[in-house]
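The values are calculated or read from the model by the stated rules, or taken from the named source; none is laboratory data. Model, not experiment: these values are computed from the prediction. For neighbour counting, all protein chains shown are included, and Cβ atoms are generated from backbone atoms with ideal geometry for every residue, glycine included.
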Amino acid sequence: MEVKPSILNFAANQCKSSCDVGIFLTRDAPIDDSVKYQILTKPWTPPPSYSFPTLTSRNLRFQLKWMDRFPFLSYTEVQGGGALCRYCVFFAQSEVGKGQHVKLGKLVAKPFSNWKNAIESFNEHAGHEFHLAATM
């Protein structure tokens, strides 16, 4: 499926690629299924030479190899940059838990950038019910 460029023109100034899942964090309008398919199957992947920004004085940054280890991950340049679960961005409900009272945050509604705890956070995310449901 080919994504029509006109569908994604609104995001041209927000990121380098129209396949950056971060441009869909604001769910103001329905997202066309062909756009979802394109991003889920061919997400924007930074090239090996990409210089990920450091967000702390410790020089910690996103590691490209994490995208191989955690296939649900995508890197976004939106909102300062960070990691997102592209499945949960599209398919997770905005609130989860008993009584739907817990709002989703890191990796779903906003980019994750706490690189010190990245592996633990990615593993934890992969085990959540809302993530498992979104990836079915």
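Of note:
- Some residue of region 36-43 being surrounded by 12 or more Cβ atoms within 10 Å (Cβ to Cβ), among the basic types (Lys, Arg), part of a helix (DSSP H, G or I) and at negative phi: yes
- Taken over region 55-70, the criterion of being surrounded by 13 or more Cβ atoms within 10 Å (Cβ to Cβ) and in a loop (DSSP other than H, G, I, E, B) is satisfied by 55, 60, 61, 62, 63, 64, 70.
- Subset of region 83-103 (residues that are part of a loop (DSSP other than H, G, I, E, B) and either out of contact with any helix residue (DSSP H, G or I) (no Cβ under 8 Å at 6 or more places or on another chain) or at pLDDT 90 or above (or both)): 94, 97, 98, 99, 100, 101
- Annotation note: Cβ proximity below 7 Å between a residue of region 51-75 that is more than 17 Å from residue 41 (Cα to Cα) and a residue that is of a type in the set (D, E, K, R) (sequence gap 6+ or interchain) occurs for 52/61; 53/61; 54/61; 60/116.
- Every residue from region 20-35 that is modelled with pLDDT under 80 and surrounded by 15 or more Cβ atoms within 10 Å (Cβ to Cβ): none
- Boolean, residue 45 is more than 18 Å from residue 125 (Cα to Cα) and without any contact (Cβ under 8 Å) to a residue 40 or more places away in the chain: yes
- When residues of region 104-136 are limited to those that are touching a His at 6+ places or on another chain (Cβ under 7 Å) and in a helix (DSSP H, G or I), the one nearest to residue 64 (Cα to Cα): 125
- Within region 107-136, residues that are at pLDDT 95 or above have Cβ atoms under 8 Å from residues that are part of a helix (DSSP H, G or I) and charged (D, E, K, R) in these pairs: 122/69, counting only partners at least 6 apart in sequence or on another chain.
- All positions within region 47-80 that are modelled with pLDDT of 90 or more and of a type in the set (Gly, Ala, Ser): 49, 51, 74
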